[in-house]
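Reviewing the structure listed below.
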Amino acid sequence: MARNNLLSRDVHLRRSHNNIPKARMRTLKMSIVIVTSFIICWTPYYLLGLWYWLFPEKMEKTVSHSLTHILFIFGLFNACLDPITYDGRVTIKREAATALKVAQGQIFQ
């Protein structure tokens, strides 16, 4: 009977204790990876554009149009990297957990 008289502040829920900081850290890491991939993919194209803006005649003579197109396509490749980045974190963790279970002998292949 004493259990029915518990106050709401005395009830303990069955959940892990405070996962918010861990989730924030995962979100921060994912954001850093996405921003880094954006910078890596688009920086060469924008540097080329800056060079063209400052010295258009010199750039026209030294840089071919095909290189400009390749750098632009490399920048567009960033859109392809985002789903791979999102899925890669999940897949890598799943594969690592499976490998660990196999190494411990819990799963037999």
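Residues are listed down the side, and each one gets a yes or a no for (1) among the aliphatic types (A, V, I, L, M); (2) in contact with a helix residue (DSSP H, G or I) (Cβ under 9 Å, 6 or more places away or on another chain); (3) in a helix (DSSP H, G or I); (4) surrounded by fewer than 15 Cβ atoms within 10 Å (Cβ to Cβ):
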| residue | (1), (2), (3), (4) |
| --- | --- |
| 31 | no, no, yes, yes |
| 40 | yes, yes, yes, yes |
| 59 | yes, yes, yes, no |
| 82 | no, yes, yes, yes |
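Residue-wise test of (1) outside any helix (DSSP H, G or I); (2) modelled with pLDDT under 90; (3) among the hydrophobic types (A, V, I, L, M, F, W, C).
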position: 12; (1), (2), (3): yes, yes, no
position: 16; (1), (2), (3): yes, yes, no
position: 52; (1), (2), (3): no, no, no
position: 69; (1), (2), (3): no, no, no
position: 76; (1), (2), (3): no, no, yes
position: 86; (1), (2), (3): no, yes, no
position: 90; (1), (2), (3): no, yes, yes
position: 94; (1), (2), (3): no, yes, no
position: 109; (1), (2), (3): yes, yes, no
For this session: Filter region 38-76 for residues that are within 24 Å of residue 86 (Cβ to Cβ) and in contact with a Ser or Thr (Cβ under 9 Å, 6 or more places away or on another chain) and give the result.
Result: 45, 75
Exercise. If you scan region 20-29, which residues turn out to be loosely packed, with under 11 Cβ neighbours inside 10 Å and under 10 Å from the mean Cα position of the chain (by Cα)?
Worked result: 27, 28
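The values are calculated or read from the model by the stated rules, or taken from the named source; none is laboratory data. Please read these numbers as outputs of a predicted model, since none were measured by experiment. Positions of Cβ are backbone-derived with ideal geometry, glycine not excepted, and every protein chain shown enters the neighbour counts.
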